[in-house]
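The following block contains the structure, expressed as structure tokens.
The values are calculated or read from the model by the stated rules, or taken from the named source; none is laboratory data. Keep in mind the model is a prediction, meaning the values are calculated, not measured. Here the Cβ positions follow ideal geometry from the backbone for every residue, glycine too, while neighbour counts run over all protein chains shown.
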Amino acid sequence: MGLEPDSVAAAIDAVGHIPLPPYIHRADEPADRDRYQTVFARTRGSIAAPTAGLHFDDALMTSITSAGIVWATVTLHVGYGTFKPVRVERVSEHEVDAEPFTISDATAAAIARTREAGRRVVAVGTTTTRALETAVGPSGGVMAGAGSTTLFISPGHEFRVVDALLTNFHLPKSSLLMLVAAFAGRDLTLAAYRDAVRRGFRFYSYGDAMLVT
């Protein structure tokens, strides 16, 4: 279904630009509308791509399904604050900007079935991780619905939903790196990053990824 000619969305498409991360030092190009986008994307509203999802394409999704892996989606509206570095001396004083998310009934049910079967919940990306960990209900299950998260996950956080994490290599002094360190442990995370630097891995949105189990 096309957009109404006078709609705000149509105006954005006509005159707007793709909000590439600030460390990509060039103007956006028409091809970025596809390249800086995930294969899961359906709903407008995110100011940046949830970049761990950029590693997936249709062929990989077919392979995942063929292997018997169940996958489910979460609607994420990534905010510009995802790029905000940690500038405070005390990590506990850092504030993460709110980011809206929506978890469907189907996704909440899929997570519940996975946990009941003793299988792992693998989060694709730090924003997905924050959304799932925010949506935990009193009984310990993930609740369906729309919400917003300001959850800052740093070492010491007790993960209640996510069992494994697929994520990019992140920048120093970022809240994203601290989330990875909370999940994998500080020493193991730093060792992995030293190895990544030694091997010439790429960082940032279009960089390499790692699976933390």
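Assess whether Arg130 counts as being in a helix (DSSP H, G or I), among the charged types (D, E, K, R), without any contact (Cβ under 8 Å) to a residue 60 or more places away in the chain and surrounded by fewer than 15 Cβ atoms within 10 Å (Cβ to Cβ).
Values: in a helix (DSSP H, G or I): yes; among the charged types (D, E, K, R): yes; without any contact (Cβ under 8 Å) to a residue 60 or more places away in the chain: yes; surrounded by fewer than 15 Cβ atoms within 10 Å (Cβ to Cβ): no.
No, not satisfied.
Let's see how each residue does on (1) modelled with pLDDT of 85 or more; (2) not hydrophobic (A, V, I, L, M, F, W, C):
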site	(1), (2)
Glu29	yes, yes
Arg42	yes, yes
Ile47	no, no
Ile69	yes, no
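Here's another thing I want to ask about it. Here are some conditions: (1) surrounded by fewer than 17 Cβ atoms within 10 Å (Cβ to Cβ); (2) modelled with pLDDT of 95 or more. Pro155 meets all but one. Which one does it not meet?
Failing condition for Pro155: (2).
Please determine whether any residue of the stretch 51-74 is of a type in the set (D, E, K, R), assigned by TED's automatic domain parsing to the domain that holds Val180 and either farther than 20 Å from Tyr36 by Cβ or not in a helix (DSSP H, G or I) (or both).
yes
Right, here's the next one. For a quick check of your reading of the model, give me the residue pairs whose first member lies in the stretch 64-80 and is over 21 Å from Glu116 (Cβ atoms), whose second is acidic (Asp, Glu) and at pLDDT below 95, with beta-carbon atoms closer than 8 Å and at least 6 apart or on different chains.
Filtered contacts from the stretch 64-80: Leu76/Glu99; His77/Glu99; Val78/Glu99; Gly79/Asp97; Gly79/Glu99; Tyr80/Asp97.
Of Ala112, Ala146, which residue is part of a helix (DSSP H, G or I) and not charged (D, E, K, R)?
Working: Ala146 fails: part of a helix (DSSP H, G or I).
Residue meeting the stated conditions: Ala112.
Can you tell me which of (1) outside any loop (DSSP other than H, G, I, E, B); (2) free of Cβ contacts under 8 Å to residues at least 60 places away in the same chain is the one Leu151 doesn't meet?
Leu151 satisfies all of (1) outside any loop (DSSP other than H, G, I, E, B); (2) free of Cβ contacts under 8 Å to residues at least 60 places away in the same chain except (1).
Determine whether Ala108 is surrounded by 15 or more Cβ atoms within 10 Å (Cβ to Cβ) and either in contact with a strand residue (DSSP E or B) (Cβ under 6 Å, 6 or more places away or on another chain) or among the hydroxyl-bearing types (Ser, Thr, Tyr) (or both).
Working: surrounded by 15 or more Cβ atoms within 10 Å (Cβ to Cβ): yes; either in contact with a strand residue (DSSP E or B) (Cβ under 6 Å, 6 or more places away or on another chain) or among the hydroxyl-bearing types (Ser, Thr, Tyr) (or both): yes.
Judged against the criteria, Ala108 is a match.
Search the stretch 158-204 for residues being part of a loop (DSSP other than H, G, I, E, B) and small (Gly, Ala, Ser), and hand back the single one that is surrounded by the fewest Cβ atoms within 10 Å (Cβ to Cβ).
If we filter the stretch 158-204 for residues that are part of a loop (DSSP other than H, G, I, E, B), which is where we start, we get 158-163, 169-173, 185, 200-204.
From what is left, the residues that are small (Gly, Ala, Ser) are 185, 200.
Numbers: Gly185: 13, Gly200: 7.
Across the stretch 158-204, the extreme among qualifying residues is Gly200.
Please determine, by comparing only the residues of the stretch 133-152 that are surrounded by fewer than 17 Cβ atoms within 10 Å (Cβ to Cβ), at pLDDT 95 or above and not aliphatic (A, V, I, L, M), which one is farthest from Gly45 (Cα to Cα).
Gly145
To continue, here is another question. With outside the structural domain of Ala98 (by TED's automatic domain parsing), assigned to a loop (DSSP other than H, G, I, E, B) and within 29 Å of Ser148 (Cα to Cα) as the only criterion, which of Ile47, Ile24, Ile12 stands out?
On the way: Ile47 fails: outside the structural domain of Ala98 (by TED's automatic domain parsing); Ile12 fails: assigned to a loop (DSSP other than H, G, I, E, B).
From the options Ile47, Ile24, Ile12, the qualifying one is Ile24.
Return the pair list, or none, for Cβ contacts closer than 7 Å from residues in the stretch 162-173 that are in the same structural domain as Thr126 (by TED's automatic domain parsing) and under 16 Å from Ile24 (Cα atoms) to residues that are surrounded by fewer than 20 Cβ atoms within 10 Å (Cβ to Cβ) and charged (D, E, K, R), at least 6 apart or on different chains.
Phe169/Asp208
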